[in-house]
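Have a look at the structure below before the remarks.
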Amino acid sequence: METLLVVGGSGLVGAKVAGLASKAFHVVATYRETKPKVAGVDFVPLHKERVEDAMALVRKTKPASVVDTAAMHNVDRCEDERELAWQVNAGSTGAIARAATDIGARYLFVSTDFVFDGQRGQYREEDVARPVNYYGETKLAGEHAALAASANNLVVRPSVIYGWDDTRLNFATWVLTNAREGKSINVVTDWIGSPTLADGLAASILRLLELPDGGVYHLAGAEAMSRHEFAVRLLKAFGLDPSLAKPVRSADLNMKAARPPNSSLTSAKAKRHRIAVVSADEGVAAMKGQRSLDSFVPPARFKS
Ligand SMILES: NC(=O)c1ccc[n+]([C@@H]2O[C@H](COP(=O)([O-])OP(=O)(O)OC[C@H]3O[C@@H](n4cnc5c(N)ncnc54)[C@H](OP(=O)(O)O)[C@@H]3O)[C@@H](O)[C@H]2O)c1
């Protein structure tokens, strides 16, 4: 059985990739502090900024492929801790990609819609990337490093990832758990993305690894919408009061880093490769079908 190495296997996307892949691969997945439990997955500790450790792990596990979802993706924190953000998102990304290429393994880097400036929206893979914040700059540098190591490597760009995760809150679980307690939340109307269900993204990532061509692929939800509109869709689908999502403008939130106003993506290229691209309503319905909101105990941790 071939080995798949999932860097960031304790995260929302990484854990779903690791769990799904365990049916077909021997899966080795990384975490930082708290060792997760996913059936059929061997977890090992790794701090991605420790470049030598990351390269040694690739050489030791000898994977057929590496899926790298680990990132410092708190956009405001990346502005303050630039050296660490660069090392995690770009420097170590290149090192892992080169170590993988050296042993004949394929490397897949999970990037972001935040590589675009957001002036237009509905971006295609070939559109010019022009980040407006340091997080986006580091991820774009990570993309370049991944593809410089081998043209057969893959770069995947999702947008606003959501799904059940018992370890930290994401946008969807934050909206739902607050509303469940009757608490109203401020949600911006002027940031537009393409909400992407983590489970579908994980399946699409594994499908991409089966395709012969390397390069950049957008793997995002089929619809562009504001965070506020997405919150309203979630609340309606789960039978909660949509008026609990209070519309606000991003300028009122006084965020440190700039955000791309409309970084929505088109995933037409993925569709041409018969990779499913689902609407927000389909994604939310799938999430609702997986478990009841009542059974969800909100973790204290938010995205870091
Ligand atoms: N979340 C979004 O809306 C979104 C949108 C577009 C693109 N993306 C990209 O999608 C990818 C996956 O996101 P996600 O939602 O799955 O994130 P997540 O749930 O926050 O998981 C992040 C993962 O990265 C690991 N990690 C963070 N810093 C690390 C470091 N210094 N060394 C080693 N591991 C580290 C975490 O490990 P621990 O949990 O063990 O600390 C965790 O496994 C990221 O690359 C992100 O840039 C995310």
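Among G104, G94, G40, which is the only one that is over 20 Å from the mean Cα position of the chain (by Cα), touching a residue at least 12 places away in the same chain (Cβ under 8 Å) and either more than 13 Å from the ligand (Cβ to nearest atom) or under 16 Å from L154 (Cα atoms) (or both)? Working first, answer last.
Numbers: G104 fails: touching a residue at least 12 places away in the same chain (Cβ under 8 Å); G94 fails: over 20 Å from the mean Cα position of the chain (by Cα).
Result of the check over G104, G94, G40: G40.
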Total residues in segment 3-15, condition farther than 12 Å from T61 by Cβ and touching a Gly at 6+ places or on another chain (Cβ under 7 Å) | 4
Looking at this structure, is V278 among the hydrophobic types (A, V, I, L, M, F, W, C), assigned to a strand (DSSP E or B) and surrounded by 14 or more Cβ atoms within 10 Å (Cβ to Cβ)?
-> no
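Would you say G193 is over 12 Å from the mean Cα position of the chain (by Cα) and more than 16 Å from the ligand (Cβ to nearest atom)? Let's see the steps before the verdict.
On the way: over 12 Å from the mean Cα position of the chain (by Cα): yes; more than 16 Å from the ligand (Cβ to nearest atom): no.
So G193 fails the test.
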Members of segment 147-183 found to be within 13 Å of the ligand (Cβ to nearest atom), in contact with an Asp or Glu (Cβ under 8 Å, 6 or more places away or on another chain) and over 23 Å from M255 (Cα atoms), listed by number = V155, R157, G163
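Residue-by-condition table, conditions (1) within 14 Å of the ligand (Cβ to nearest atom); (2) in contact (Cβ under 8 Å) with a residue 40 or more places away in the chain; (3) out of contact with any strand residue (DSSP E or B) (no Cβ under 7 Å at 6 or more places or on another chain):
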position	(1), (2), (3)
D199	yes, yes, yes
G214	no, yes, no
Y217	yes, yes, no
E223	no, yes, yes
F230	yes, yes, yes
R233	no, yes, yes
Among (1) within 20 Å of L201 (Cα to Cα); (2) surrounded by fewer than 19 Cβ atoms within 10 Å (Cβ to Cβ), where does D76 come up short?
-> (1)
From the options D68, D53, residue that is in contact (Cβ under 8 Å) with a residue 24 or more places away in the chain and within 11 Å of the ligand (Cβ to nearest atom) | D68
Hey, can you tell me all the residues within segment 237-275 that are within 18 Å of T177 (Cα to Cα), among the aliphatic types (A, V, I, L, M) and assigned to a helix (DSSP H, G or I)?
-> A237, L244
Residues satisfying the stated conditions in segment 116-149, i.e. surrounded by fewer than 19 Cβ atoms within 10 Å (Cβ to Cβ), more than 27 Å from A100 (Cα to Cα) and aliphatic (A, V, I, L, M) | V128
M255 passes all but one of the listed conditions (1) at pLDDT below 95; (2) in contact with a Leu (Cβ under 7 Å, 6 or more places away or on another chain); the exception is number (2)
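Yes or no, residue by residue, for (1) within 23 Å of A70 (Cα to Cα); (2) in a helix (DSSP H, G or I); (3) not charged (D, E, K, R):
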residue	(1), (2), (3)
T173	yes, yes, yes
G182	no, no, yes
G200	yes, yes, yes
I205	yes, yes, yes
Y217	yes, no, yes
E223	no, no, no
F230	no, yes, yes
Which members of segment 1-34 meet the condition of being modelled with pLDDT of 95 or more, near the ligand (Cβ under 10 Å from one of its atoms) and either in contact with a His (Cβ under 7 Å, 6 or more places away or on another chain) or more than 17 Å from I205 (Cα to Cα) (or both)?
-> T30, Y31, R32
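The values are calculated or read from the model by the stated rules, or taken from the named source; none is laboratory data. Just so it is clear, the structure is predicted and the values come from calculations on it, not from any experiment. Cβ atoms come from the backbone with ideal geometry, glycine included; neighbour counts cover every protein chain shown.
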